[in-house]
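The block underneath contains the structure these notes are about, expressed in structure tokens.
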Amino acid sequence: MTNYPKIYPTVVHMLYQTAAEFNDKIAVKFEDRQLSYIQYLRCISGLARQLRNFNRDQSLRGQRVALICNNSIEMAVGLFAVHASGGQVVPINPIYTSRELNHILADAEPIIVIFDEKILDVVEPILKKLNIINYIKVGDTPDNRFDIWQNDTKIKLPEMPEPDDYATLQYTGGTTGLPKGVNITHKQLSTNLSQREASWPTKEGEERVLCVMPLFHVFATSMALHLAVYCKSQLNILSRYHPKTVLDAITQDSITLLPLGPTIFIGLMGHAEFDNTNFSSLRMAYSGSAPLPAEILQRWEKLTGCPILEGYGQSEAGPVVSAVSEGSAMIAGSVGKPLIDTEVQIVDLESGTKVLNSGELGEIRVKGPQIMSGYRNRPNETSEALRDSWLYTGDIGELDSSGNLYIRDRKKDMVIVSGYNVYPREIDEVLHLHQDVLDVASVGVSDSYRGEVICAGVMLNKGSMTTVEDLTEFCSERLASYKVPSRIKILREMPKTTVGKTDKAAVKLLFSD
């Protein structure tokens, strides 16, 4: 096996060791609250015991616990506590609509649901419908916060999970229109943290990591929550993204590591306070989900003195596959080289078995110890994605002669909106639910700020008086805000190919003005 940096059996073991060595060091800070590592561990232990109590103090091994929370100390504690209870954590976007939440909760079948009290009106009917009787409401009052255990004198973790136990069930969009759950084990999770450390080494006990991205997303969990504990340093959590809030935090909290989505870098540089921000503490910035233009990379480093290191991955891959290593020269458009113990090949689109030469375009397939175990309740999709121990990513790319990876396109029908994967099929299915919609085609269109946006061409039933505004409102009631089409055009006829299929390329051209 490759000579890895430190690998922990699980992230709970990682936390336990960090708390033992750095017990009085600040572990996490959120607004006017903070916890030292020993307090952090006490809170995680306390919540883990409470979760076990729901199951009559029996192990939660093989059971799932859903977290539907915004960024907060509670979300951070909750993610670790589910692992410490023996359970598998299911992080879910709290802005999801009732329709979206119902599908995920029905598929995941959690034994317990933890959710923000502010979304009670959305969550409660679903819990009753699915007969989920165990839940915890998170709120602003002391009784509804997870720092109530910070002064416990006794730390008793209910259970240390095993490396082969399921750690996370991460839901990601599906080409069928419905999100599917990615099963990740503790070993896969911990191994990927160590692989990342080899490319992006940290300074033990010295880092301050800013968590701007949402903690229900695999990027923030890996590159902020777990990263901070791995390097035995401080995590500063922001409740939500706002350019000024991020810029203020960088200066005031002397942030050293900055993991962000591509659009946020662009947004920060466009803000009035950018030129007045002190970036001297910043050591490294990380970006993923979509390549940044070379001019953005160069401008950021010139103005801040801090490089942006890009990487590539997906939920199915643990999540990180490749990275531009610290200290390496910037290669425009490249997402770096495969992580240690990770093999990347480019194969033909037809059979997926012919390995292509450098410079040739094909589907990216990946092999490594961080690759998922499979999709929950989706044997057919699992066998399609995992073939002969290779993960077929659905992304089209190429490798140069030096082994640098480039993402060129997507084989699967997917759009990346502000860092989030959106599948047009899901938007089509929602619009088809409208009684006046006869036909629909949703497509991704390039956007200078968000990377891509969803646009939809819609044909209505003859005589319909439905407007674009009506359709937008219909979508808003059934889809998270980032999935709602930014533009809808009502069409007299849907463009078709010569064989009668919807011509999505022609639909996309309708939005090129």
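The values are calculated or read from the model by the stated rules, or taken from the named source; none is laboratory data. Only a predicted model underlies this, so the values are computations on that prediction, with no experimental measurement involved. With ideal geometry, Cβ positions are generated from the backbone for all residues, glycine too; neighbour counts draw on all protein chains shown. Accessible surface is based on the protein model in full, side chains and every heavy atom, while ligands, DNA and RNA are left aside. Shrake-Rupley method; radii C 1.70, N 1.55, O 1.52, S 1.80 Å.
Couple of notes before you dig in:
- Unmet criterion (only one of (1) in contact with a strand residue (DSSP E or B) (Cβ under 6 Å, 6 or more places away or on another chain); (2) surrounded by 13 or more Cβ atoms within 10 Å (Cβ to Cβ)) for Glu384: (1)
- For region 387-412, a residue qualifies if it is over 14 Å from Ala317 (Cβ atoms), within 20 Å of the chain's Cα centre (by Cα) and open to solvent by less than 50 Å² (accessible area, probe 1.4 Å), and exactly one does: Lys412.
- Verdict on Val417 being under 30 Å from Leu361 (Cα atoms), touching a helix residue (DSSP H, G or I) at 6+ places or on another chain (Cβ under 6 Å) and either touching a residue at least 12 places away in the same chain (Cβ under 8 Å) or open to solvent by 40 Å² or more (accessible area, probe 1.4 Å) (or both): yes
- The lone criterion from (1) in contact with a His (Cβ under 6 Å, 6 or more places away or on another chain); (2) surrounded by fewer than 21 Cβ atoms within 10 Å (Cβ to Cβ) left unmet by Ile7 is number (1).
- Extreme residue, modelled with the highest pLDDT, among residues of region 460-479 that are surrounded by fewer than 18 Cβ atoms within 10 Å (Cβ to Cβ) and of a type in the set (A, V, I, L, M): Val468
- Scanning region 127-143 for residues that are of a type in the set (S, T, N, Q) and without any contact (Cβ under 8 Å) to a residue 24 or more places away in the chain turns up at least one hit.
- Answer residue from region 277-310, given it is under 24 Å from Thr191 (Cβ atoms) and touching a residue at least 60 places away in the same chain (Cβ under 8 Å) and is farthest from the chain's Cα centre (by Cα) among those: Met284
- Residue satisfying all of: in region 145-165; open to solvent by less than 100 Å² (accessible area, probe 1.4 Å) and under 26 Å from the mean Cα position of the chain (by Cα); farthest from Ile7 (Cα to Cα) among these: Arg145
- Among the residues examined, Thr221 does not qualify as in contact with a helix residue (DSSP H, G or I) (Cβ under 9 Å, 6 or more places away or on another chain), under 27 Å from Leu268 (Cα atoms), surrounded by fewer than 23 Cβ atoms within 10 Å (Cβ to Cβ) and among the polar types (S, T, N, Q).
- Inclusion of Phe219 among residues that are farther than 17 Å from Ala19 by Cα and either of a type in the set (A, V, I, L, M) or touching a Cys at 6+ places or on another chain (Cβ under 8 Å) (or both) is not warranted.
- Residues of region 227-259 classified as under 20 Å from the mean Cα position of the chain (by Cα) and crowded, with 24+ Cβ neighbours inside 10 Å, total: 9
- So Leu15, is it at pLDDT 95 or above and touching a Cys at 6+ places or on another chain (Cβ under 8 Å): no
- Conditions (1) assigned to a loop (DSSP other than H, G, I, E, B); (2) over 28 Å from Ile364 (Cβ atoms); (3) in contact with a helix residue (DSSP H, G or I) (Cβ under 7 Å, 6 or more places away or on another chain); (4) open to solvent by less than 50 Å² (accessible area, probe 1.4 Å): number failed by Leu292: (2)
- Here Arg196 passes the criteria (1) under 24 Å from Tyr312 (Cβ atoms); (2) of a type in the set (D, E, K, R); (3) surrounded by fewer than 19 Cβ atoms within 10 Å (Cβ to Cβ) except the one numbered (3).
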